[in-house]
Every structure is written in C-alpha cells, then in structure tokens.
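To start, the structure itself, in structure tokens.
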Amino acid sequence: MTPIEHSIFAFNFAALAPRRLRTPAFYWAAMVAAIAPDVDGLSRLFGADAYVRYHRTYAHGLLGATLVGMAAAALALKLLPNAAFRVGQSEPRADGDGARRLGWVGLLVAAVIGGVSHVLIDTLYAWPLPVL
C-alpha cells in the first residue's frame, strides 16, 4: 500500500477511539504512526537484495510497528508549529474552546492504532509478514 492509503486507513480506525482522545493531534499521530513502519523500505538504497531481505521485517510486526510509529508520531507532533499539537499533559487550551492537547496515553493509543492498521492492511498481500 502507499503511504496515503495507510494514513487513510489509520484515520478511519482512529475514529473508533474514545471521544476524549480524538483531538486533531490524535488523528495526526495515528496517520504518521501508520506510515512509519515503511521506514524499512529505505533498505532499497542498499540494493535489491537488501530490500528483499529487510523490507517488511522488523518494523512490520505489531510491536515494531507500534514502537516505530510512536517515535515517528512524537517527532512529527514536536515539529508542528501549532501548540495544540504538542504532546504533554492533557490540559484545556488557553483560548477557551475546550480543545485538549494530546497526552502520552493518547499518543500511545494513536501509535497502536496506526501500527496495527499498517500490519493489518499489509497482511492482505502475498509478501510474508512477521506479525508477531
């Protein structure tokens, strides 16, 4: 699947999360986490043999996809300029609209959703996938 397709699936799966977690930052984190496991595709830079050997390996299991997704989502949210996308304590924003920031638990849930959605969708292909 393409990164766009992975992010669309994660966005849709993220809508199933508890309402209190579903902030804009939560959706961004889930989408970035869903794309992150394909970082092992960079093995293509080292030739076709390296790509065949390493793509869809370590970052495509449930644990690997979640860990890589959480790291990527935390980094991506840190780089966004809007303070509403910062990860930290879930506090109401100063503008009084009741919106809440994404807490660390929310980031973990988003990473699990993104990672699991990536692995789930990739199991539909014939390429072997080490789910566990």
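Out of segment 103-129, which residues are among the hydrophobic types (A, V, I, L, M, F, W, C) and at pLDDT below 65? Before you say what the answer is, go through the steps one by one.
First, the residues of segment 103-129 that are among the hydrophobic types (A, V, I, L, M, F, W, C): 104-105, 107-113, 116, 119-121, 124, 126-127, 129.
Result: Leu129, single match.
Can you tell me which of Val32, Val52 is aliphatic (A, V, I, L, M) and either closer than 22 Å to Leu75 by Cα or within 14 Å of the chain's Cα centre (by Cα) (or both)?
Numbers: Val52 fails: either closer than 22 Å to Leu75 by Cα or within 14 Å of the chain's Cα centre (by Cα) (or both).
Exactly one residue qualifies, and that residue is Val32.
Suppose the filter is of a type in the set (D, E, K, R) and modelled with pLDDT under 75; does Arg100 pass it?
Numbers: of a type in the set (D, E, K, R): yes; modelled with pLDDT under 75: yes.
So Arg100 fits the description; yes.
The values are calculated or read from the model by the stated rules, or taken from the named source; none is laboratory data. Worth saying up front: this structure is predicted, and the values here are computed from it rather than measured.
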